[in-house]
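S.K.: Input: one structure, supplied below.
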Amino acid sequence: MANDNKNKKDNWFTKAGKAIKKFFGDIKMELKKVVWLKPKQVVTATIAVLGACLLVGAVVWLVDLGMSELYNLIFG
């Protein structure tokens with residue numbers, strides 16, 4: 001009778017539990033492979049991104065301003 005339990009298929013909950021455990025184990029394993037940045041690198045990259053955003057925003061603003069002035073000149 002003890003062998004009957006081993007021969008039975010795993011039910012849905014057991015399969016799901018094993019799959020979830022494997023999923024999170026794989027995540028943990030992958031996170032160990034990540035090369036994390038030093039805090040100074042994070043600050044430098046953040047400043048670069050913010051600077052690029054400000055630059056792009058200024059360019060878009062100037063183009064918008066110029067186009068609206070051109071529109072007003074033509075149709076105004």
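Any read-out appearing in this document is the output of simple, stated calculations on the displayed coordinates, not a laboratory observation. Keep in mind that what you see is a predicted model, and the values were worked out from it rather than measured. A quick note on method: Cβ atoms are made from the backbone with ideal geometry, for glycine too, and the neighbour counts reach across all protein chains shown.
S.K.: Can you give me the angle between helix 39-75 and the longest principal axis of the chain, using Cα atoms only, in degrees from 0 to 90, rounded to the nearest 10?
M.R.: The angle comes out at about 40 degrees.
S.K.: Just how large is the dipole of region 2-75 about the Cα centre, in debye to the nearest 20, putting +1 at every Lys and Arg Cβ and -1 at every Asp and Glu Cβ? Before the final figure, lay out the partial values.
M.R.: Values: 12 positive and 6 negative charges, 218 e Å.
It comes to approximately 1040 debye.
S.K.: While we're looking at this one, here's another question. What do you get for the angle between helix 12-33 and the principal long axis of the chain? Use alpha-carbon atoms, 0 to 90 degrees, nearest ten.
M.R.: It is inclined by approximately 50 degrees.
S.K.: Identify, among 75, 37, 63, the residue whose Cα sits farthest towards the positive end of the charge dipole of the chain, taking +1 on the Cβ of Lys and Arg and -1 on the Cβ of Asp and Glu, with the dipole about the Cα centre.
M.R.: My answer, from the dipole projection, is 37.
S.K.: Which whole number in µm²/s is D for the chain by Stokes-Einstein, with the Kirkwood Rh taken over Cα pairs at 37 °C and 0.692 mPa s?
M.R.: 173
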